[in-house]
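Visitor: Below is one structure. I have some questions about it.
The values are calculated or read from the model by the stated rules, or taken from the named source; none is laboratory data. Please read all numbers here as calculations on a predicted model, not as lab measurements. Ideal geometry is used to build each Cβ from the backbone, glycine not excepted, and the neighbour counts take in all protein chains shown.
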Amino acid sequence: MGVRSTMLKLRNPNGLSYAVIALLAGNIAFDLLLGVIDGRSLSADAMDFSDPARFGQLDLNMAYSMAFTLYVATGIVFIIWFHRLRMNAEVWAGDLQGRGKGWAIGGWFIPIGNLWIPRGIAADIWRASRRQPYAADGAKEMVLLNSWWTCWVAAVVVDRIAAQLSKRAETVEAYTTATWWSLLGYGLDIVAAVLAIFFVRRLTAMQHLKATGMIPAA
């Protein structure tokens, strides 16, 4: 009866993981598109984004609006998926969780703190989801998590720098500098999204295997 009660508390994250992966793939596609636009602007003589000859029939305002909407949607679905995995971690190794379940949502919205709080929660979820939750971390066990998180934080910082440079730019040289920062941001966004896909797949699979008994709970 105790085992059945515990199993009923588990939340299936598989469907959400598919949605997160699809949304991340969409973000990659838009980053590539917007990166190409920025790249073409570097070869232009002037920063005239209103010239339809430079970008064909592409509506730039629409493209940026769609990209932003997709980014927000990805963040919402990702956080829902993340919270669901945190709920499952509570069942398997609640004493290993350094922060309460609400932090799996709230931690993303704390200025500055969101650059490290969710990473700590993710590490706790990872430990609860593996075969031996209470064992010491392996030498390279957190490489995927740390690589994704480092690229994501770097992308956030670079994107903000690019936005500020673009806002203040008044000369072609200033726009060019802002565009190079923007291109770097798109590159980091793409790498972070690819690593996030691997992370989502890996952690979801770990929880699925553990929930179905293929990995014994502690």
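Visitor: Regarding residue 192, is this residue over 21 Å from residue 12 (Cα atoms), surrounded by fewer than 17 Cβ atoms within 10 Å (Cβ to Cβ), out of contact with any Lys or Arg (no Cβ under 8 Å at 6 or more places or on another chain) and not polar (S, T, N, Q)?
Guide: When the stated conditions are applied, residue 192 does not pass them.
Visitor: Could you list, in sequence order, all residues of region 142-194 that are outside any helix (DSSP H, G or I) and modelled with pLDDT of 95 or more?
Guide: Pass one, region 142-194, residues outside any helix (DSSP H, G or I): 142, 169-171.
Of everything in region 142-194, just one residue is outside any helix (DSSP H, G or I) and modelled with pLDDT of 95 or more, namely 142.
Visitor: Further question on the same structure: Sort out which residues of region 61-120 are surrounded by 14 or more Cβ atoms within 10 Å (Cβ to Cβ) and outside any helix (DSSP H, G or I), and write them in order of number.
Guide: 97, 99, 101
Visitor: Restricting to region 34-49, and then to whatever is over 19 Å from the mean Cα position of the chain (by Cα) and assigned to a helix (DSSP H, G or I), can you tell me which residue is modelled with the highest pLDDT?
Guide: We begin by selecting, within region 34-49, every residue over 19 Å from the mean Cα position of the chain (by Cα); these are 36-49.
Applying the additional criterion that residues be assigned to a helix (DSSP H, G or I) yields 36-42.
Values: 36: 90, 37: 87, 38: 87, 39: 87, 40: 82, 41: 79, 42: 81.
Per the stated criteria, the residue is 36.
This table checks each residue for (1) within 25 Å of residue 25 (Cβ to Cβ); (2) crowded, with 20+ Cβ neighbours inside 10 Å; (3) in contact (Cβ under 8 Å) with a residue 24 or more places away in the chain; (4) polar (S, T, N, Q).
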{"residue": "142", "(1), (2), (3), (4)": "yes, no, no, no"}
{"residue": "153", "(1), (2), (3), (4)": "yes, no, yes, no"}
{"residue": "156", "(1), (2), (3), (4)": "yes, no, yes, no"}
{"residue": "166", "(1), (2), (3), (4)": "no, no, no, yes"}
{"residue": "172", "(1), (2), (3), (4)": "no, no, yes, no"}
{"residue": "176", "(1), (2), (3), (4)": "no, no, yes, yes"}
{"residue": "188", "(1), (2), (3), (4)": "yes, yes, yes, no"}
{"residue": "198", "(1), (2), (3), (4)": "yes, no, yes, no"}
{"residue": "210", "(1), (2), (3), (4)": "no, yes, yes, no"}
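Visitor: Hey, another quick one. Would a scan of region 115-132 turn up a residue that is in contact (Cβ under 8 Å) with a residue 12 or more places away in the chain, more than 23 Å from residue 75 (Cβ to Cβ), in contact with a Leu (Cβ under 8 Å, 6 or more places away or on another chain) and basic (Lys, Arg)?
Guide: yes
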